[in-house]
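Everything below concerns the one structure shown next.
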Amino acid sequence: MCEYCGCQALDAIDELTREHERVVNLISHVRDARRDGAIARMAELAREISSVLGPHTQVEEHGLFPALAGDFPDQIAALEDEHRRIEAVLAEADGPFLTDPGWPDRLIDTLGLLRGHILKEQDGVFPAALAGLDTEQWEAVEKVRAAAGSTLPRPAA
């Protein structure tokens, strides 16, 4: 992931970035499972991706995005729409869709969308937040993170 703008020096962005890295790693495992025809494994990994994205999306949509929406309303709305589309397909990993022969391809397509979505956040949202958010807005982001929790261990100091 990117490190060019210095935004990862902020704990909030660092954690979001680490979550992105975890998701990208899981996506590669889903692709391997698809290649191997392991549909149950794909579903298991999709559920794991969902567990990482749950708190991640809360931090973005209730902390970071509101602070940026005034300056970037169309971009933020598009990102939120992508969240809904991604969540909908990932949620299918817990239902009867597993017997749908189109689900594995639908999941792979959605994970492609997710990968592109991550790049938009890494290359656009996070640097914009670094440049534009004030101390009070960062405190609001941190408050949302505290409420949402984390699925990742804290890095060693």
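The values are calculated or read from the model by the stated rules, or taken from the named source; none is laboratory data. Predicted, not measured: the structure shown is a model, and the values here were computed from it. Cβ placement follows ideal geometry from the backbone for every residue including glycine, while neighbour counts extend to all protein chains displayed. For accessibility, only protein heavy atoms count, side chains too; no ligands or nucleic acids. Shrake-Rupley method; radii C 1.70, N 1.55, O 1.52, S 1.80 Å.
Restricting the search to the range 87-131, which residues are within 20 Å of HIS62 (Cβ to Cβ), touching a residue at least 40 places away in the same chain (Cβ under 8 Å) and either open to solvent by 30 Å² or more (accessible area, probe 1.4 Å) or small (Gly, Ala, Ser) (or both)?
From the range 87-131, those within 20 Å of HIS62 (Cβ to Cβ) are 87-88, 90-91, 114, 117-118, 120-122, 124-126, 128-130; that's our starting set.
From what is left, the residues that are touching a residue at least 40 places away in the same chain (Cβ under 8 Å) are 90-91, 114, 118, 120-122, 124-126, 128-130.
Scanning the range 87-131 gives ALA91, LYS120, GLY124, ALA128, ALA129, LEU130.
Can you tell me which residue in the range 30-77 is farthest from ASP123 (Cα to Cα), limited to those that are open to solvent by 50 Å² or more (accessible area, probe 1.4 Å) and under 16 Å from the mean Cα position of the chain (by Cα)?
Step by step, filter the range 30-77, then rank; the result is ARG47.
Only residues that are touching a Pro at 6+ places or on another chain (Cβ under 9 Å) and touching a residue at least 60 places away in the same chain (Cβ under 8 Å): list them for the range 31-75, please.
ARG34, ILE39, MET42 - these are the residues of the range 31-75 that are touching a Pro at 6+ places or on another chain (Cβ under 9 Å) and touching a residue at least 60 places away in the same chain (Cβ under 8 Å).
Since GLU48 meets every condition but one in (1) at pLDDT below 95; (2) over 30 Å from GLU136 (Cα atoms), which condition does it not meet?
(1)
Considering only the range 93-140, how many residues are farther than 21 Å from ASP81 by Cβ and polar (S, T, N, Q)?
So the answer is 3.
If you take the residues of the range 132-157 that are hydrophobic (A, V, I, L, M, F, W, C) and in contact (Cβ under 8 Å) with a residue 24 or more places away in the chain, which of them is least open to solvent (accessible area, probe 1.4 Å)?
Of the range 132-157, the ones hydrophobic (A, V, I, L, M, F, W, C) are 133, 138, 140-141, 144, 146-148, 152, 156-157.
Of the ones still in play, those that are also in contact (Cβ under 8 Å) with a residue 24 or more places away in the chain are 133, 138, 140-141, 144, 147-148, 152.
Working: LEU133: 19, TRP138: 36, ALA140: 48, VAL141: 2, VAL144: 28, ALA147: 90, ALA148: 25, LEU152: 29 Å².
Restricting to residues being hydrophobic (A, V, I, L, M, F, W, C) and in contact (Cβ under 8 Å) with a residue 24 or more places away in the chain, the top hit is VAL141.
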